[in-house]
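S.K.: Right, I'll just put the structure down here and ask away after.
The values are calculated or read from the model by the stated rules, or taken from the named source; none is laboratory data. Just so we're clear, the structure is a prediction, and the values are computed from it rather than from any experiment. Cβ placement follows ideal geometry from the backbone for every residue including glycine, while neighbour counts extend to all protein chains displayed. Please note that ligands, DNA and RNA were not included when accessible areas were found on the heavy atoms of the full protein model with its side chains. Shrake-Rupley method; radii C 1.70, N 1.55, O 1.52, S 1.80 Å.
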Amino acid sequence: MKNITILAVDDIEANLISLEYLIEEYMNDVNLLLAPSGEEALKLTYTKDIDIIILDIQMPGMDGFETAKYLKSSPKTKDIPIIFLTAAFKEEEFQQKGFEVGAIDYLTKPIENRQFINKLNLYIQVIIKTKELQSLNDNLSQSLEQEILLKEKIQEQQLELVEQSKISALGEMIGNIAHQWRQPLSVISTCASGLRLNLELGLDNKEVVSSSLARIVDTTSELSSTIESFRNFTFQDKLSEFNLSAIINKTIENEKYILDENNIKMIIELDDEINLNNLPNSLIQALQNIIKNSKEALNKIDSERFIFINTYVQDNEVYIQIKDNAGGIEEEHLSKIYEPYFTTKHQSNGIGLGLNITYKLICDSMRGKIKTQLFSRTLSNQRSVCP
Ligand SMILES: Nc1ncnc2c1ncn2[C@@H]1O[C@H](COP(=O)(O)OP(=O)(O)OP(=O)(O)O)[C@@H](O)[C@H]1O
Ligand SMILES: [Mg+2]
């Protein structure tokens, strides 16, 4: 396929033949179309893609100027460069008019071969460069568009995943609340049923009524304190002084139901003297994520299940060590576990955000460090946090 298509228009056949000869002789990769009149030229422009037109001015019927006007009025042909050809004695008269109707150049007949070929080559180079630029531009805007679309899609998916993890955290919290409410609710229900029975039987035992009501009031405040404790650690976090052991115990208390249900024993050894000025709720959330991972890993083993937590101070730094006996993290995964969306779990069980969020909470928000290391063959997963 030839790169450039030239349309030569002249009513004198001999002129067309000499143009054909010149172009074939001196130019490569050029496809030449010939038209004996303005009308024929216009017909050709409807069906072919033409890059440049060499147009004779003096032709019977539609002359060069008229043909050029038609070409300039159609969207398909208006940008095709036109070079006018005319007899030398008419040059002055036609030049101005030629440029007015949109010619890019003007050549006189008889054609001077070298000059004609040089000019044509020059225009062809410009056309080729313009085409290259155009296609580069098209590709660029296409890939830019694709990149923007891709970025938008990734952002959308990330938001979706974050939403999913929020919903699953919320679901877990509701599960914990429901569990913790079960007992107090049954106390309230028993007291209320007793009171109704008393009333139905017409018994007037004020002591029983009063103690039942007191129990209901106490238990109700227990219910609201459960809600309060969950609300606090889930939605609020500000720099404050706290006792590390109290926060760890609170986290374990909140997880107690899940841990019991999975037969996991917590072995804790805490230095109760450690007080920190940091973000307590971020720490709870980080601990929760680590414990959740241990729980999920421990679910795969049949032997006794343990999570060990101990705290100590060394060289003025506070350490929290968390280990489990589930077998540890595969060595090949160690470098990736803090990356977002890295998970070895089935899609329905994990999205790989837990440790990424934990890392951000500990390292970015709390300005601490987090480390994962192989501990021993049985207790292989150890993390040290020094907030
Ligand atoms: N205690 C652990 N024992 C064994 N492997 C672990 C443990 N903790 C983390 N991992 C490994 O690290 C990976 C990343 O953990 P991360 O908490 O970031 O994601 P996840 O638990 O897979 O999913 P998500 O936390 O979003 O539910 C896990 O898929 C698992 O392979
Ligand atoms: Mg996890």
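S.K.: Checking the conditions here, which among T67, T86, T108 is assigned to a helix (DSSP H, G or I) and either out of contact with any Lys or Arg (no Cβ under 6 Å at 6 or more places or on another chain) or farther than 21 Å from N31 by Cβ (or both)?
M.R.: Exactly one residue qualifies, and that residue is T67.
S.K.: Of all residues in the range 245-302, count the ones that are open to solvent by 60 Å² or more (accessible area, probe 1.4 Å) and in contact (Cβ under 8 Å) with a residue 60 or more places away in the chain.
M.R.: Residues in the range 245-302 being open to solvent by 60 Å² or more (accessible area, probe 1.4 Å) and in contact (Cβ under 8 Å) with a residue 60 or more places away in the chain: 2 in total.
S.K.: What tally of residues in the range 251-281 results from selecting those that are within 16 Å of ligand 2 (Cβ to nearest atom) and part of a helix (DSSP H, G or I)? Give the derivation first.
M.R.: The first filter runs over the range 251-281 and keeps only residues within 16 Å of ligand 2 (Cβ to nearest atom), leaving 251, 255, 258-259, 262, 264.
From what is left, the residues that are part of a helix (DSSP H, G or I) are 251, 255, 258-259.
Total meeting the criteria: 4.
S.K.: Filter the range 342-369 for residues that are open to solvent by 60 Å² or more (accessible area, probe 1.4 Å), near ligand 1 (Cβ under 8 Å from one of its atoms) and either closer than 14 Å to V162 by Cα or charged (D, E, K, R) (or both) and give the result.
M.R.: Hit for the range 342-369 is K345, nothing else.
S.K.: Still on this structure, I have one more. Contact list please: Cβ distance under 6 Å, first residue in the range 344-359 and at pLDDT 85 or above, second residue among the small types (G, A, S) and more than 10 Å from ligand 2 (Cβ to nearest atom), pairs at least six apart or on different chains.
M.R.: If the second residue must be among the small types (G, A, S) and more than 10 Å from ligand 2 (Cβ to nearest atom), the pairs left are T358/A286.
S.K.: Something else now. Out of (1) outside the structural domain of D10 (by TED's automatic domain parsing); (2) in contact with a strand residue (DSSP E or B) (Cβ under 7 Å, 6 or more places away or on another chain), what's the single condition that is false for S135?
M.R.: (2)
S.K.: A follow-up question, please. Of all residues in the range 164-195 being among the polar types (S, T, N, Q), modelled with pLDDT under 80 and open to solvent by less than 80 Å² (accessible area, probe 1.4 Å), which is farthest from I351 (Cα to Cα)? Quick ask: steps written out before the conclusion?
M.R.: Step one: filter the range 164-195 for residues among the polar types (S, T, N, Q), giving 164-165, 168, 176, 180, 183, 186, 189-190, 193.
Of the ones still in play, those that are also modelled with pLDDT under 80 are 164-165, 168, 176, 180, 183.
From what's left, open to solvent by less than 80 Å² (accessible area, probe 1.4 Å): 165, 168, 176, 180.
Numbers: S165: 8, S168: 11, N176: 21, Q180: 27 Å.
Among those residues, the one meeting the criterion is Q180.
S.K.: What is the residue count in the range 1-28 for residues that are modelled with pLDDT of 90 or more and part of a loop (DSSP other than H, G, I, E, B)?
M.R.: 3
S.K.: I need the full set of residues from the range 29-57 which are touching a strand residue (DSSP E or B) at 6+ places or on another chain (Cβ under 6 Å), part of a helix (DSSP H, G or I) and open to solvent by less than 10 Å² (accessible area, probe 1.4 Å), in order please. Please lay out each step first, then the result.
M.R.: At the first step, the residues of the range 29-57 found to be touching a strand residue (DSSP E or B) at 6+ places or on another chain (Cβ under 6 Å) are 30-35, 41, 44, 50-57.
Next, only the ones that are part of a helix (DSSP H, G or I) stay: 41, 44.
Across the range 29-57, the qualifying residue is only A41.
S.K.: Please specify each residue of the range 312-337 satisfying the condition of being more than 10 Å from ligand 1 (Cβ to nearest atom), within 29 Å of K166 (Cβ to Cβ) and surrounded by 19 or more Cβ atoms within 10 Å (Cβ to Cβ).
M.R.: Scanning the range 312-337 gives a single hit, I320.
S.K.: Any idea which of L122, L161, L149 is part of a helix (DSSP H, G or I) and either in contact (Cβ under 8 Å) with a residue 24 or more places away in the chain or loosely packed, with under 10 Cβ neighbours inside 10 Å (or both)? Walk me through how you get there before you give the answer.
M.R.: Numbers: L122 fails: either in contact (Cβ under 8 Å) with a residue 24 or more places away in the chain or loosely packed, with under 10 Cβ neighbours inside 10 Å (or both); L149 fails: either in contact (Cβ under 8 Å) with a residue 24 or more places away in the chain or loosely packed, with under 10 Cβ neighbours inside 10 Å (or both).
Result of the check over L122, L161, L149: L161.
S.K.: Only one residue in L287, L353, L298 is farther than 18 Å from E261 by Cβ, within 14 Å of ligand 2 (Cβ to nearest atom) and touching a strand residue (DSSP E or B) at 6+ places or on another chain (Cβ under 9 Å), so which one is that? Steps first, please.
M.R.: Values: L353 fails: touching a strand residue (DSSP E or B) at 6+ places or on another chain (Cβ under 9 Å); L298 fails: farther than 18 Å from E261 by Cβ.
After ruling out the rest, the residue left standing is L287.
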